[in-house]
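The structure appears right after this line, and notes come after that.
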Amino acid sequence: MPDLITAEQAIRSAPVGTMIYARLQADVSAWSTGLLIREDRTLVRRLGAQPTVELRAGVIEQGGVILVALMAQIGGQLYETWFNYHGAEEATNFADLGQQETIPIVFFVPDRARSLVVINHLRQFFQEAAERCERQKPWAMSDFDAAREHVYATYPEVEDLWAHLGRNPPGGENG
């Protein structure tokens, strides 16, 4: 059986500009879902003591598949990640983000370089998105990937998707 890699191992080897989500353990009893970002050292240093962080999320339904996009703008840089509710362990991430008061953000360059914590203004969004996904018939990973490729064709630049999510904001700015 092949060795499984952790989210932290994955983000360390990911291209600069990549954002993924993962369950993080703040102490021996407290787990939460946070964002892991692979970035270069110069950008991380340039963020300053209290960078502006804006989170946007949205649901895009494509061919019976519900895509949940989460984007972050941090220090002017845009990042995106996608949630597949019917994927492995996804319900846990939705439950976390629907309940937790804050969202941890950890930058890697490739090792851990900086952590931020922002207020979670997306709790209601993730609760409603989970309910919507539960009502939908489960889809295959290949269907999810095809639906996401269609979204990428519709919004070819990350700024296009950011603008689309900004037209119907479920969350707000975090400080």
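The values are calculated or read from the model by the stated rules, or taken from the named source; none is laboratory data. In this text the structure is predicted, and so the values were computed from the model without any measurement. With ideal geometry, Cβ positions are generated from the backbone for all residues, glycine too; neighbour counts draw on all protein chains shown.
Observations on the structure shown:
- Total residues in region 136-154, condition over 18 Å from the mean Cα position of the chain (by Cα) and either touching a residue at least 24 places away in the same chain (Cβ under 8 Å) or closer than 15 Å to MET71 by Cα (or both): 7
- If the condition is being buried (at least 17 other Cβ atoms within 10 Å of the Cβ) and part of a loop (DSSP other than H, G, I, E, B), then region 15-50 contributes THR18, GLU39, LEU47.
- Count of residues meeting criterion [surrounded by fewer than 20 Cβ atoms within 10 Å (Cβ to Cβ) and aliphatic (A, V, I, L, M)] in region 119-129: 1
- Evaluating CYS133 against the criteria (1) surrounded by 14 or more Cβ atoms within 10 Å (Cβ to Cβ); (2) under 15 Å from the mean Cα position of the chain (by Cα) leaves one unmet condition, (2).
- Region 33-90: number of residues that are closer than 24 Å to ASP111 by Cα and hydrophobic (A, V, I, L, M, F, W, C): 15
- Selection within region 66-116: residues that are assigned to a helix (DSSP H, G or I), hydrophobic (A, V, I, L, M, F, W, C) and surrounded by fewer than 17 Cβ atoms within 10 Å (Cβ to Cβ). The member of this set that is modelled with the highest pLDDT is ALA95.
- Residue within region 111-132 that is over 23 Å from THR42 (Cβ atoms) and touching a His at 6+ places or on another chain (Cβ under 9 Å) present: no
- Residues located in region 51-60, provided they are touching a Pro at 6+ places or on another chain (Cβ under 9 Å) and surrounded by fewer than 19 Cβ atoms within 10 Å (Cβ to Cβ): VAL59
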